[in-house]
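The numbers here are math on the coordinates, done by the rules we state, and not lab data. Keep in mind that what you see is a predicted model, and the values were worked out from it rather than measured.
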Amino acid sequence: MLCPLKLDLMAKKVIDMLEKALDSLVNTDPDLARTVLELDEEVDTIHSQNCRAFKDYVRQNPETVDSALSYLTSPDTSKGSPTWPPTLLKT
């Protein structure tokens, strides 16, 4: 199953927001600043979708709560993107 969480898309939009926010400040560009506000709405929407998808996954697979939380909070990206669904942690 592919990751239903749109973390890469959200991260790209946040980076774009930061760049545009700094550019709008440096160049005193209110139109560009308004674009940042629009991007913020998009990021908020993606975040809400991610939260719903995560909650649904954990509700359907309660035994994976620890590994699912680990996936969100401290993924090991040294080996590429973490996989979804997260693997069960062996205790």
With θ taken as phi - 60° and the coefficients 6.51, -1.76 and 1.60, list the Karplus ³J(HN,Hα) couplings across the range 56-62 in order, rounded to whole Hz; mark glycine and proline as x.
4, 4, 5, 5, 7, 9, x
Output ³J(HN,Hα) for the range 10-16: one whole-Hz value per residue in order, computed from phi by the Karplus curve 6.51 cos²θ - 1.76 cosθ + 1.60 with θ = phi - 60°, and x for Gly and Pro.
5, 4, 4, 5, 5, 4, 4
